[in-house]
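Visitor: What follows is a structure written as structure tokens; I'll ask about it next.
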Amino acid sequence: MPDSQNENSGKNEWRLQHYMALCGVASRRASETIIAEGRVSVNGVTVTVPGTKVTLKDKVCVDSKPIQFEAEKRYVLLNKPAGYVCSLSDEKGRPIASDLLKEAYSERLYNVGRLDMFSTGLIIFTNDGDFAALLSHPSAELEKEYIVETSLPLPRNLAQDFMHGVRVDNVFYRCKDAQELNSRKMRIVLVEGKNREIRRVFESREIGIKSLTRVRIGSVSIGDLAQGQFRDLTAHEIKTLKSLCNHTEKKDGIYGYSY
């Protein structure tokens, strides 16, 4: 049973989205969406309001299937190939990145953050909801490093402009660091990572991206992990990733933010 089961003033009681995360269904944020979609029931009654309290005596089902605490927490690093989407399911029938892990892991794993379908590189999968929430929250300021190759020469001063900030369609994008590696390759470090941020900035300069690869998440680098390959994170890597997240206070045991 998870150590976090006693986080709520010593009571074996959780908010529904937190309980789902502890059971490896999805992150708390994603679990809120699943609840709102009417896919969750407690003791046979459909629940659509996040925050509903549940205990071990309650029967919780997602898509009519009972869920329970995972016996073992998993932390997996995948080098995602292009063509895979990062989601729990895909209505268009496209390949799902987590499917690459199914033969090796019996636990239900979900991705921490995302890479778009055409991007490659590192993504973390876990069944630890607290770990996923910690790394995913914007206040974590966890660095993600990318290598971008373009089909045309890079525009002059694009790296500097991106570091100072670029506004595209009324959305402000700014990277932590950017460096031209050659005339058609750039290294970019993000700490926030808005949806398709790098692609939108490059498109605004009419520069097509040939390839976009995430090569580092926090202290974890891609190393010699080939596309489609995966490995367990080491205990040291897990500890270091947690320590890099800049949460400064805890509230209700959930790192300073509510769900």
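The values are calculated or read from the model by the stated rules, or taken from the named source; none is laboratory data. Only a predicted model underlies this, so the values are computations on that prediction, with no experimental measurement involved. Backbone-built Cβ (ideal geometry, glycine too); neighbour counts: all protein chains shown. What goes into the accessible areas is simple: the full protein's heavy atoms, side chains included, and nothing from ligands, DNA or RNA. Shrake-Rupley method; radii C 1.70, N 1.55, O 1.52, S 1.80 Å.
Visitor: For segment 72-109, which trypsin sites (Lys or Arg not before Pro) are both in a DSSP coil and crowded by at most 14 other Cβ atoms within 10 Å?
Guide: When the trypsin sites (Lys or Arg not before Pro) of segment 72-109 are filtered for loop state and at most 14 Cβ neighbours within 10 Å, 92, 102 remain.
Visitor: Another one. Tell me, what % of the accessible area of the chain is carbon and sulfur with a 1.4 angstrom probe?
Guide: 45
Visitor: About the Cα centre of segment 22-62, how large is the charge dipole given +1 on each Lys and Arg Cβ and -1 on each Asp and Glu Cβ? Please answer in debye to the nearest 20.
Guide: About 120 debye.
Visitor: In debye to the nearest 20, how big a dipole does the chain give about its Cα centre with +1 on each Lys and Arg Cβ and -1 on each Asp and Glu Cβ?
Guide: Dipole size: approximately 340 debye.
Visitor: How large is the accessible surface per residue of the chain, computed with a 1.4 Å probe and reported in Å² as a whole number?
Guide: I get 52 Å² per residue for the chain.
Visitor: If N is the number of residues in segment 129-224, what value comes out of its Cα radius of gyration divided by 2.2 N^0.38 Å?
Guide: Taking the Cα Rg and dividing by 2.2 N^0.38 Å, one obtains 1.09.
Visitor: Given Cα positions, please report Rg to Rh for segment 1-141, the hydrodynamic radius being the Kirkwood one.
Guide: 0.97
Visitor: Can you pull out the GluC sites (Glu not before Pro) in segment 160-254 that DSSP calls coil and that have at most 12 other Cβ atoms within 10 Å?
Guide: Listed in order of number, the matching sites are 206, 249.
Visitor: From the square roots a ≥ b ≥ c of the eigenvalues of the alpha-carbon gyration tensor of segment 15-61, which class results: rounded (a/c under 1.5), prolate (a/b over b/c), or oblate?
Guide: The shape class here is oblate.
Visitor: To the nearest 0.05, what FRET efficiency results for residue 211 and residue 43 with a Förster distance of 45 Å applied to their C-beta separation?
Guide: That pair, residue 211 with residue 43, gives E of 0.35.
Visitor: Once Lys and Arg get +1 and Asp and Glu get -1 on their Cβ, which of 115, 105, 40 lies farthest toward the positive end of the dipole of segment 1-131?
Guide: Of the candidates, 40 comes out farthest on the positive side.
Visitor: If you don't mind, there's one more thing I want to ask. Where does the chain land on Rg(C-alpha)/(2.2 N^0.38 Å)?
Guide: Relative to the rule-of-thumb radius for its length, the chain sits at 1.08.
Visitor: Let me ask another. For segment 169-245, give the magnitude of the charge dipole about the Cα centre (Cβ charges: +1 Lys/Arg, -1 Asp/Glu; no others), in debye to the nearest 20.
Guide: 40
Visitor: Between residue 156 and residue 179, what FRET efficiency comes out of the Förster formula 1/(1 + (r/R0)^6) with R0 = 22 Å and r the beta carbon distance, rounded to 0.05?
Guide: So, using R0 = 22 Å, E works out to roughly 0.95.
Visitor: Give me the number: length gained by fully extending residue 149 to residue 194, i.e. 0.36 nm times residue separation minus the C-alpha to C-alpha distance, one decimal in nm.
Guide: The residue 149-residue 194 span can extend by a further 14.2 nm.
Visitor: For residue 36 and residue 103, calculate 0.36 nm times their separation in residues minus their Cα-Cα distance, and state this gained length in nm to one decimal.
Guide: 21.1 nm
Visitor: As a test of the formula, what do you get for the chain when each DSSP H run with n ≥ 4 contributes -39,500 (n - 2.57) and the sum is divided by the residue count, at 222 nm and rounded to the nearest 500 deg cm²/dmol?
Guide: It lands at -5000 deg cm²/dmol.
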